[in-house]
Amino acid sequence: MNAPADPPPLAKVGGEPYTQLPQDLYIPPDALEVFLEAFEGPLDLLLYLIKRQNLNILDIPIAEVTRQYMEYLALMQELRLELAAEYLVMAAWLAEIKSRLLLPRPAAIEADEDDPRAELVRRLQEYERFQQAARALDALPRLERDFFPASAELAQREIHRTPPPVSLTELLSALREALARAELFGRHQVRREALSVRERMSQVLERLDALRFTPFSALFRPEEGRMGVVVTFLAVLELLREALLELVQAEPFAPIHVRRRG
């Protein structure tokens, strides 16, 4: 039976795995804080409080909204969050509007004086229009707005490689290689066999094709010895002189190939 596998470590501290929680583990009560709403400013907070209670923005109950606003600021202070100055300015403004609404005013003055909430309502409506415009812009396709497709056409380039001409030096170098291979099969001949250049020319033409290239070294048979290599080479030279063969080389010092002219 296979031994049970060790449980995976819960964590690694300093490179050492821990498979069990320590007994003296202490988590402070404020180690984890969750924020459900994030506001971009005091107007955003006020608009949130009004919409959450389905209040009429043209007839804002300043006392209730001010109370909820101050509760939120107290919560932020309790969580040790740094309050921006604009939040405190809005709190002072709400307190001013609330006090102006609570103070008794004569009927004649009340008829001529504007509603203290008018400026706040105007700013809230303007902020709400900007919010709607921002949501409309965010709903637009991101292509051609945040991302732009890029394309480039590949230039059509045709490379024509012209094989370099085969020089006499390279042809003689190939002959030396063929002679060196023939020396490996050299042996004493008891009976001398006559070789004909003209006959070897016919044999070379029969072996070659007008469509496919044949390695130059394949024309030589090392078992014929030095004489066979020389006769084959002379036959190739004669065929080249009569323009019956074509020699090509892919690049300098590359193997030489030959084929019969069409």
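Bear in mind that the values in this text are calculations on the coordinates, not laboratory data. None of these values were measured; they are calculated from a predicted model. Counting neighbours? That spans all protein chains shown, and the Cβs are built from the backbone with ideal geometry, glycine included.
Tabulated data for the structure shown
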item	result
Rounded to whole Hz, the Karplus (6.51, -1.76, 1.60) HN-Hα couplings of segment 131-147, x for glycine and proline	4, 5, 5, 5, 5, 5, 5, 5, 7, 5, x, 6, 5, 6, 10, 9, 10
Within-10-Å neighbourhood charge of residue 219 [Cβ basis; K, R +1; D, E -1]	+3
Spin-label proximity, residue 251 to segment 137-166 - amide N less than 14 Å from point 7 Å beyond Cα toward beta carbon	161-164
Computed E for residue 137/residue 86 - FRET, C-beta separation, R0 25 angstrom, nearest 0.05	0.55
Packing-based order for 142-150, 88-96, using average beta carbon neighbours within 10 Å, highest first	88-96, 142-150
Residue order, fewest to most beta carbons within 10 Å, for 160, 257	160, 257
Order of 117, 176 under a 10 Å beta carbon neighbour criterion, fewest first	176, 117
Phi to ³J(HN,Hα) by Karplus 6.51 cos²θ - 1.76 cosθ + 1.60 over segment 249-257, Hz, x for Gly, Pro	9, 5, 7, x, 6, 8, x, 8, 10
Cβ crowding within 10 Å averaged over residues, with 167-173, 151-157 ranked highest first	167-173, 151-157
